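The values are calculated or read from the model by the stated rules, or taken from the named source; none is laboratory data. Because the structure is predicted, anything quoted here is derived from the model rather than measured. Here the Cβ is made from the backbone with ideal geometry for all residues, glycine too, and neighbour counts use every protein chain on show.
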Amino acid sequence: MKSIILAGGVGSRLWPLSREYYPKQFIKFKPFEKSLFQMTFERCLRLSNIEDIYIITNEKHKFLVMGQIEKLGYSFNEENILVEPIGKNTLPAIYYGVKEIKKYGDDVVGVFPSDHLIGNVDEFVKTIKKGEKIAKDYLVTFGIKPTKPHTGYGYIKPGKELDIGYKVEEFKEKPDLDTAKEYLKKGYLWNSGMFLFRTDVFEEEVKKHCPEVYEAFKLEDIDEIYKIVPDISIDYGVMEKSDKVAVIPLNIKWSDLGSFDAFYEEFEKDKNGNIVYGENVVIDSKNNLVNVHGGKIVSLIGVEDLIVVDTKDALLICKKEHSQKVKDVYKKLKERNDERILFHKTVYRPWGYYTVLEEGLFYKIKKITVLPGKKLSYQLHYHRSEHWIVVKGMAKVTIDGKEFFVRSGESTFVRSGVKHRLENPGKIPLEVIEIQVGEYLEEDDIVRFDDDWGRK
């Protein structure tokens, strides 16, 4: 079996924890040692060989994918990371992966979003593998047995019983509460967004029900394909129209963590129903979710049903049951071109990460961490100069073609308009304080001449 992992997204529903450049699948939520993406990757390793896993993502997340797999201790073929030029919903993304797999012959493929929380992994793997037996005849989807009426999920109505699972009678959009209660009485399942099919069967159904996608992918150049391919989901484009769709019930703990309410439902609470991470004093308060940055002590007095999310640069406070509206905050910030929907104060790069410590009109101070053996691109800036002070490790510095080493406690200076590179040749992380001075300090003032990750 081959596996396709969908790893795109913009991080709008769990803002400010997630951002466009660091969406929820890459976050290590406090109860876990691994990110949702890493857990998805490891589940796929129980279904497929590592060379048979394909990851669909975009340019700004590609290095996160590579870095998080590397942290798991695996060496992954970069050619199996398929980069979409622009997000066009799930059907083009999945078909992109299918077309790549078909280059080596037809096979059974599982499709898995990278941002789902899944419990009982043994049962999950066993159920997915059972689906292989009917994949030659059906596009298989997996329906979660509901634990309660839920208005945030789509539903699937099972029909005629098959040897394994059921033929799908109907897909239903997200319902209101009363309709959701009726769905549960009638045995409907939550639509998990996970699929299994043979590549040749899937291609035939795409050709039949969504010819615009089929025809677009006849082109050779992926940029040209994505200029004309429609923005369409796999459900709307194929699954809701095909008469070859089966559903297999999955009796596991599952959530797409699509809101902070979903976050609250899934994680362990104290005796008063509170989730408060870190040191806290809670008095006469119940059913709250509090997630704060750093070592702050949290005190709650006489409050209930609140969601409080505090990061270095943003604070969210809302009543539970209203957290679906977080995406409306995201939209308003996007309309303002506010960078806080894009980045945290800590920004991850292929070579490591940096944290903005302070900034003013003509200066910015960063703490830069370069991982062992990694290096920044050979670059220049037109509008800013940079002072580098090494506080941990030893830096290899290139300025205008000249190489030298800067040790802990030492510093160097890079004038604007001069080519330069920072590199960590050591075995421990390199930490550098960078002081930028200039009339323009944004990240797009970079001209790259050489880059290990092919960035321009």
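Here are some notes:
- Verdict on residue 440 being touching a strand residue (DSSP E or B) at 6+ places or on another chain (Cβ under 8 Å), closer than 28 Å to residue 314 by Cβ, surrounded by fewer than 14 Cβ atoms within 10 Å (Cβ to Cβ) and aromatic (Phe, Trp, Tyr): yes
- Residue list for region 118-134, filter: surrounded by 19 or more Cβ atoms within 10 Å (Cβ to Cβ) and either of a type in the set (Lys, Arg) or not in a helix (DSSP H, G or I) (or both): 118
- Any hit, region 40-53, residues being crowded, with 19+ Cβ neighbours inside 10 Å and within 14 Å of the chain's Cα centre (by Cα): yes
- Residues satisfying the stated conditions in region 202-213, i.e. surrounded by fewer than 19 Cβ atoms within 10 Å (Cβ to Cβ) and touching a residue at least 40 places away in the same chain (Cβ under 8 Å): 203
- Going through (1) farther than 25 Å from residue 355 by Cα; (2) at pLDDT below 90 one by one, residue 328 falls short only on (2).
- Subset of region 214-223 (residues that are outside any helix (DSSP H, G or I) and free of Cβ contacts under 8 Å to residues at least 60 places away in the same chain): 218, 219, 220, 221
- Of the residues making up region 135-174, those that are more than 21 Å from residue 113 (Cβ to Cβ), free of Cβ contacts under 8 Å to residues at least 40 places away in the same chain and not in a strand (DSSP E or B) are 148, 149, 163.
- Selected residue (only one of 75, 12, 3 is out of contact with any strand residue (DSSP E or B) (no Cβ under 6 Å at 6 or more places or on another chain), small (Gly, Ala, Ser) and surrounded by 19 or more Cβ atoms within 10 Å (Cβ to Cβ)): 12
- Enumerated strands (runs of 3 or more DSSP E) restricted to region 394-456, each holding at least 2 residues that are under 25 Å from residue 343 (Cα atoms): 420-423, 430-438, 447-450
- Residue within region 443-453 that is surrounded by 13 or more Cβ atoms within 10 Å (Cβ to Cβ) and on the phi > 0 side of the Ramachandran plot present: no
- The criterion of at least 3 residues that are of a type outside the set (D, E, K, R) and in contact (Cβ under 8 Å) with a residue 60 or more places away in the chain is met, among strands (runs of 3 or more DSSP E) falling completely within region 1-106, by 2-6.
- Looking across region 105-120 at every residue that is farther than 18 Å from residue 32 by Cα and of a type in the set (D, E, K, R), the one that is modelled with the lowest pLDDT is identified as 106.
- Residue count, region 107-118 (criterion: touching an Asp or Glu at 6+ places or on another chain (Cβ under 8 Å), of a type in the set (A, V, I, L, M) and either free of Cβ contacts under 8 Å to residues at least 40 places away in the same chain or within 30 Å of residue 263 (Cα to Cα) (or both)): 1
- Count - residues of region 298-326 that are out of contact with any Leu (no Cβ under 9 Å at 6 or more places or on another chain) and surrounded by fewer than 16 Cβ atoms within 10 Å (Cβ to Cβ): 10
- Condition check for residue 431: under 30 Å from residue 11 (Cα atoms), of a type in the set (Asp, Glu) and surrounded by 14 or more Cβ atoms within 10 Å (Cβ to Cβ): yes
- Those residues of region 266-297 which are β-branched (Val, Ile, Thr), within 24 Å of residue 18 (Cα to Cα) and exposed (fewer than 12 other Cβ atoms within 10 Å of the Cβ), in sequence order: 297
- In region 245-261, the residue that is farthest from the chain's Cα centre (by Cα) out of those that are in a strand (DSSP E or B) and of a type outside the set (A, V, I, L, M) is 249.
- Pairing residues of region 239-263 that are assigned by TED's automatic domain parsing to the domain that holds residue 193 and surrounded by fewer than 21 Cβ atoms within 10 Å (Cβ to Cβ) with residues that are of a type in the set (S, T, N, Q) and part of a loop (DSSP other than H, G, I, E, B), at Cβ distances under 9 Å and at least 6 apart in sequence or on separate chains, gives 251/120; 252/120; 253/120; 253/147.
- Inter-residue pairs, beta-carbon under 7 Å, first farther than 18 Å from residue 293 by Cα and without any contact (Cβ under 8 Å) to a residue 40 or more places away in the chain and in region 264-277, second basic (Lys, Arg) and assigned to a strand (DSSP E or B), 6+ apart: 272/286; 273/286
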